[in-house]
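Some notes on the structure that comes next.
The values are calculated or read from the model by the stated rules, or taken from the named source; none is laboratory data. Keep in mind that what you see is a predicted model, and the values were worked out from it rather than measured. Methodologically, a virtual Cβ is constructed for each residue, glycine included, from the backbone with ideal geometry; neighbour enumeration extends over all protein chains shown. Note: areas computed on protein heavy atoms with side chains; ligands, DNA, RNA excluded. Shrake-Rupley method; radii C 1.70, N 1.55, O 1.52, S 1.80 Å.
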Amino acid sequence: MIRSFLHGTFQNTAFCVLAPNGKERLTRSGRGPSQAFGKRGRGGGKKASAEVTVQEMEKIAAKFKPKGDLSKPVVQDFHSFRQALNVASGDQRLLLFVSATKNEQEPIRETLSTVVGDPDIVGRFHVDFAEEQGDEKWQEAINEIEAESTSKIFVIHADKFGQKGAALEQLPADAGVDEIKEALLQANEVLATREKRKVYSDHVADGRQEKIYFEGGVEYGEDRDGDGEIDRRRGRGGGGRRRRGR
């Protein structure tokens with residue numbers, strides 16, 4: 001999909017507004033919103049300002065009225081606990097993790113739909129549900145959990161690089177909306193005292209120094225020349241970027 005937005009290349013950002021069907025393109029595509037909403041012209045055209053970008057996105061949103069109940073959104077769920085912990089660390093958000101059987105998860109999901117739709121909660125936390133395959137060893141990555149930890153809701157603070165974490169709160173699987181909301185807000189106050197906002201360049205440098213590596217679903221890097229392979233940086237197993245043949 002990213003390649004289709006960037007004329008066959010693969011780069012670290014791509015932007016395009018799609019219709020609710022996830023297929024129809026409502027804007028031009030490019031590296032970011034300022035390009036998608038900017039004016040075309042020679043030399044790449046003129047990029048849109050932040051104000052213009054917001055105005056254009058509001059115009060698009062006005063054409064698609066919500067059909068569901070916004071106070072009960074679909075609850076987030078990652079592919080794996082490992083991925084959820086890593087993303088929570090990167091976004092510096094707490095992770096609400098549900099460890100329960102599939103049958104137990106459904107009523108919890110209903111409760112959490114109300115919780116995450118609350119104005120005080122929406123957009124401030126990540127949520128993940130334990131998978132029967134792949135998440136069996138999630139407890140090995142988490143400190144400060146009780147020995148009997150099945151069928152519970154955990155509020156987890158991921159470490160600096162999303163490799164480990166600590167449980168700030170542990171709630172019963174049948175916890176109510178108010179109880180979960182209160183636990184989340186209290187834990188978020190703790191997070192604010194423990195963490196400073198990350199500086200990207202410093203964080204990347206620290207990760208390289210400590211040899212931190214997260215194996216993702218696709219190979220890391222960019223394919224700016226569009227030859228279908230990741231460009232190799234000089235001195236890192238490559239000998240420079242590949243160029244198109246003439």
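Annotations for the structure displayed:
- Identified option (computed Cα extents along the principal axes in Å; candidates (i) 65, 49, 35; (ii) 122, 43, 27; (iii) 56, 37, 30): (i)
- Relative to the Cα centre, the charge distribution of the chain, modelled as +1 at Lys and Arg Cβ and -1 at Asp and Glu Cβ, gives a dipole magnitude of about 2740 debye.
- The alpha-carbon positions of region 1-141 define a convex hull whose volume is 168 Å³ per residue.
- Mean Cβ neighbour count within 10 Å, used as a protection proxy, ranking 33-40, 129-136 highest first: 33-40, 129-136
- Folded to 0 to 90 degrees: helix 102-116 orientation relative to the chain principal axis, Cα: 70 degrees
- Between the Cα long axis of helix 81-91 and the first principal axis of the chain there is an angle of about 70°, rounded to the nearest 10.
- For the listed residue pairs LYS137/LYS164; LYS160/LYS196; LYS23/LYS63; LYS137/LYS198; LYS72/LYS164; LYS137/LYS196, the alpha carbons are over 19 angstrom apart in LYS137/LYS198; LYS72/LYS164; LYS137/LYS196.
- In terms of its alpha-carbon gyration tensor, region 76-187 comes out rounded; the largest-to-smallest axis ratio a/c stays below the 1.5 threshold.
- Of the residues LEU94, PHE161, ALA50, the one whose Cα sits farthest toward the positive end of the charge dipole of the chain, with +1 on the Cβ of Lys and Arg and -1 on the Cβ of Asp and Glu, is ALA50.
- Average accessible surface area per residue within region 27-138, 1.4 Å rolling probe, Å²: 61 Å²
- Where labels lie 7 Å past Cα in the beta-carbon direction, separation of LYS160 and ASP227 in nm: 3.7 nm
- The apolar share of the surface of region 29-162, taken as the fraction of accessible area on carbon and sulfur atoms (1.4 Å probe, ligands and nucleic acids excluded), comes to 50 percent.
- Nearest 10 degrees, 0 to 90: helix 200-209 Cα axis against the chain principal axis: 80 degrees
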